Amino acid sequence: MLKKIAIKKILIVSLAFIILLILYFFPAKDENNFTSSLSYVNPTTIPIYLVDQNNLVSRFEIIQKSNNTMELIDEIINNLIINNFDNNYIPDNFKKIIPENTKIISKDLNDGLLKINFSKEILNVSLEDEEKMLESIIYSLTEIKDIKKIMIFVEDEQLTKLPNSKKTIPTILDRSYGINKIYDLTSMKDINKVTTYYVSKFDNLSYYTPITSYTNTKKEKVEIIIEKLKTSPTYDTNLVSYLNASAELLKYEILENSVNLSFNNEILNLNNNSIIEEVKYSIALSIRDTYDIYETIFFVDDILMDAHFI
């Protein structure tokens, strides 16, 4: 009996020793390391706006290194400055637009309004690029959710005119300033303005290019957006829309925080009976910039298909 108890104790001690060895040589994965690994594989990105090979200010995603708004402002501007070092890969078809050696002297963010003060080097921008530079700064910085409006200063003096053309610019800047503007006007009455996002391609790279159009029409802006996405844009033949020309917007509802869009089934991809990502994204981005609404909900023949949040 004593012998059996002794053998049992030896087995228990041996098993415990084996478990300790396993834990020592094969430690459990640290939860923080696992999260870090996921973050590396799936990094957070944020859009910036650079000039592409077609000389259009276009949307390109860079890796976001900080969640702090003030640090993120520095990150974005650093990725827009010519010859400025950064760790983000910028494809060859894009060019940065802020003159080299430009520095941020100071910045202040209060209640959605960013006051950003640049060094005088920013005034070295060319006549051809000055409007695009302003669009690039406005659209890049307002991708940060905390920033709705911008005031630009140069060496503590507010920028009220473009440096070369001396064109007067608004005191407070936001996306209503427009981007890659097209004017299709026959009179100065009933002017409607919408920003529509198209797909651009370069080699194997796909990205989005916004076009702000000024037209004489009394139609609701969402109707104009859908009409424009159903036809080839006149601005540049390299811009593409994947929205089927037979797709019809049957009805819509513009709410405080979302827009409901109901289409016929021609909007669906016949291969899998769904709305393709490029169509949803083009429409949702266009809705966001035109209405400042971040959620677009898609219906097909009154059946809910998808909710797209930008």
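All of the numbers you see were taken from the coordinates with simple rules; none came from a lab. This is a predicted model, so every value here is computed, not measured. Methodologically, a virtual Cβ is constructed for each residue, glycine included, from the backbone with ideal geometry; neighbour enumeration extends over all protein chains shown.
log10 I(q)/I(0), Debye, Cα-only the stretch 43-177, no solvent, q = 0.13, 0.16, 0.17 Å⁻¹? Values returned for q = 0.13, 0.16, 0.17 Å⁻¹ are -0.49, -0.77, -0.89.
At a Förster distance of 51 Å, what's the computed FRET efficiency of residue 231 paired with residue 71, Cβ-Cβ distance as r, to 0.05? After rounding to 0.05, the efficiency reads 0.75. Calculate how many DSSP beta bridges within the stretch 216-300 are antiparallel, expressed in % of all such bridges and rounded to the nearest 5. If I count the DSSP bridges inside the stretch 216-300, around 50 percent turn out antiparallel. The peptide list 118-125, 212-219, put in order of mean Cβ contacts within 10 Å with the highest first, becomes 118-125, 212-219. Under the simplified labelling scheme, the residue 127-residue 95 pair shows an inter-label distance of 1.7 nm, with each label point 7 Å from Cα along Cα→Cβ.
Strictly over 20 Å apart at the Cα level, which of 132/181; 166/221; 189/218 would you flag in this model? Too far apart for the 20 Å limit: 166/221. If R0 is taken as 35 Å, the Cβ-Cβ distance between residue 253 and residue 120 corresponds to a FRET efficiency of 0.10.
You can think of it this way: the chain between residue 306 and residue 183 has 40.9 nm of extra reach, that is 0.36 nm per residue less the Cα-Cα gap.
A straight chain from residue 192 to residue 164 at 0.36 nm per residue would run longer than the Cα-Cα distance by 7.2 nm. About its Cα centre, the dipole of the stretch 43-177 is roughly 280 debye, where the only charges are +1 on Lys and Arg Cβ and -1 on Asp and Glu Cβ.
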